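Chemist: Would you mind keeping the following structure in view while I ask a few things?
The values are calculated or read from the model by the stated rules, or taken from the named source; none is laboratory data. Quantities reported herein were computed from a predicted structural model and do not represent experimental measurements. Positions of Cβ are backbone-derived with ideal geometry, glycine not excepted, and every protein chain shown enters the neighbour counts. We work out accessible area using only protein heavy atoms, side chains counted, and drop any ligands, DNA or RNA first. Shrake-Rupley method; radii C 1.70, N 1.55, O 1.52, S 1.80 Å.
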Amino acid sequence: MAISTRRIGVVLFQLGGPDTLEAIEPFLFNLFCDPDIIDFPFARIGRKPLAKLISSTRARRVQHHYAAIGGGSPIRRYTEQQARALQLKLTASGLDARCFVAMRYWHPFTREAIEQLRAAQCDEVVLLPLYPQYSSTTTGSSLNEWRRLFQDALPVHCVEPFYRHELYLEALVEKIDEALARFPEPERPVIVFSAHSVPVSVIEKGDPYQRQIEETVELLMEVGGWANPHRLCYQSKVGASKWLQPSLHRTLKDLSAEKAQQVCVVPVSFVSDHVETLGEIDHHARQEAAALGIEQFEMSEGLNNSPKFIAALAELVGSAIGIDLRKEAQVRRFAFAD
């Protein structure tokens, strides 16, 4: 039973990641060429030389993270799985939907997603940034790239930050509960929420990211109902400028000094596993925690293709085009019952 005759194109935006060790430097060059990441007076002249310098230096520093997780980022694989699962969910809900992946800094690029969207002859488009919290450096950059490349005369809707969405929070709580269950006493570990850091200068310009991350942690503690002590930290700092603190590295040192023996790290700003979860947290931070005397270290798995998370994304797409999929599902159940 179709609830719409329109063909909906859904574009899932993600950062992207190098799929081989050789792709690390060009991936980083694309990232640091982004005006939403690197901006300063006369940047148009100096941005590419600076991006070349940073990417070549940074590539050498992060190569071991990628080597530790198999030689490349799995973010494309996970995002394409999410796109397939979302398309199936939307189709089962009565929508004629086609889902496409648009990575910001590596294949498939936004331009590639637009070509696929046009070939599918969609009637309208829903833009779905896979960043629960808004930042000009993530959602803002992806949408800016989209606007530079897509001028077609189609209705375009955009999903807003979804960190408050009920099913998204429930999906995260489910993953955290799974991680806590690996401890002998699940109520004892310190829960460390780790978010991707951004420069303080970005926040000072009015970016809501830090506030939304803090609210996400408050909501999760409320929905999860855990009595565990918890704290928030940030990771993945680049360069010498001031970024959001405390770092994951500093937090682990502090916990060790406080004699904490069990730590459960929750990647709170990511919706899929990639180098920052599998490499930085589950490999490097795990080794660091062991060296600091922390007896048990666990990380909650990324949402990836969690059924609850996919259901959340489907509801967000429905809302963007003015359809309440939860209500429509109830109507369908009553129709079949009759």
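Chemist: Considering only residues of the range 157-180 that are over 15 Å from the mean Cα position of the chain (by Cα) and hydrophobic (A, V, I, L, M, F, W, C), which is surrounded by the fewest Cβ atoms within 10 Å (Cβ to Cβ)?
Modeler: Result: C158.
Chemist: Here is a follow-up. Name the residues in the range 108-143 that are open to solvent by 50 Å² or more (accessible area, probe 1.4 Å) and within 20 Å of the chain's Cα centre (by Cα), would you?
Modeler: First pass over the range 108-143, keeping only residues open to solvent by 50 Å² or more (accessible area, probe 1.4 Å): 109, 111-112, 115-116, 118-119, 121, 123, 134.
Listed by number, the residues that qualify are F109, Y134.
Chemist: Check V101, V126, V156 and return the single one that is among the β-branched types (V, I, T) and free of Cβ contacts under 8 Å to residues at least 40 places away in the same chain.
Modeler: It is V156.
Chemist: Yes or no: the range 183-206 includes at least one residue that is buried (at least 18 other Cβ atoms within 10 Å of the Cβ) and within 25 Å of S319 (Cα to Cα).
Modeler: Scanning the range 183-206 turns up no residue that is buried (at least 18 other Cβ atoms within 10 Å of the Cβ) and within 25 Å of S319 (Cα to Cα).
Quick grid of which residues meet (1) at pLDDT 90 or above; (2) on the phi > 0 side of the Ramachandran plot; (3) open to solvent by 70 Å² or more (accessible area, probe 1.4 Å):
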site	(1), (2), (3)
A2	no, no, yes
L31	yes, no, no
L50	no, no, no
S55	yes, no, no
Q63	yes, no, yes
Q87	yes, no, no
L90	yes, no, no
L95	yes, no, no
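Chemist: Could I ask something else about it? Would you check which residues across the range 4-29 are among the β-branched types (V, I, T) and open to solvent by less than 10 Å² (accessible area, probe 1.4 Å) and list them?
Modeler: Within the range 4-29, I8, V10, V11, I24 meet the criteria.
Chemist: Confirm whether L90 is over 19 Å from the mean Cα position of the chain (by Cα), of a type outside the set (G, A, S) and over 29 Å from V156 (Cα atoms).
Modeler: For L90, the condition - over 19 Å from the mean Cα position of the chain (by Cα), of a type outside the set (G, A, S) and over 29 Å from V156 (Cα atoms) - is not met.
Chemist: Evaluate the following for E280: is it among the charged types (D, E, K, R) and within 16 Å of the chain's Cα centre (by Cα)?
Modeler: It is true that E280 is among the charged types (D, E, K, R) and within 16 Å of the chain's Cα centre (by Cα).
Chemist: If I filter the range 74-85 down to residues being open to solvent by 20 Å² or more (accessible area, probe 1.4 Å) and more than 13 Å from the chain's Cα centre (by Cα), which single residue comes out as nearest to A113 (Cα to Cα)?
Modeler: E80
Chemist: Taking V268 and the conditions (1) more than 27 Å from I75 (Cβ to Cβ); (2) of a type in the set (A, V, I, L, M); (3) touching a residue at least 60 places away in the same chain (Cβ under 8 Å), which numbered condition does it fall short on, given that it satisfies the others?
Modeler: It fails just one condition, (1).
Chemist: Among the strands (runs of 3 or more DSSP E) lying completely within the range 214-331, list those that include at least 3 residues that are under 21 Å from I191 (Cα atoms) and open to solvent by less than 20 Å² (accessible area, probe 1.4 Å). If you could, list the steps in order and put the result at the bottom.
Modeler: Details: elements: 230-235, 262-267, 296-299.
Because the criterion is at least 3 residues that are under 21 Å from I191 (Cα atoms) and open to solvent by less than 20 Å² (accessible area, probe 1.4 Å), the strands (runs of 3 or more DSSP E) in the range 214-331 that meet it are 230-235, 262-267.
Chemist: Has the range 111-131 got at least one residue that is touching a helix residue (DSSP H, G or I) at 6+ places or on another chain (Cβ under 8 Å) and more than 30 Å from I24 (Cβ to Cβ)?
Modeler: yes
Residues checked against (1) basic (K, R); (2) closer than 18 Å to E218 by Cβ; (3) touching a Leu at 6+ places or on another chain (Cβ under 7 Å):
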position: S142; (1), (2), (3): no, no, no
position: R148; (1), (2), (3): yes, no, no
position: Q151; (1), (2), (3): no, no, no
position: R164; (1), (2), (3): yes, yes, yes
position: A179; (1), (2), (3): no, no, no
position: E185; (1), (2), (3): no, no, no
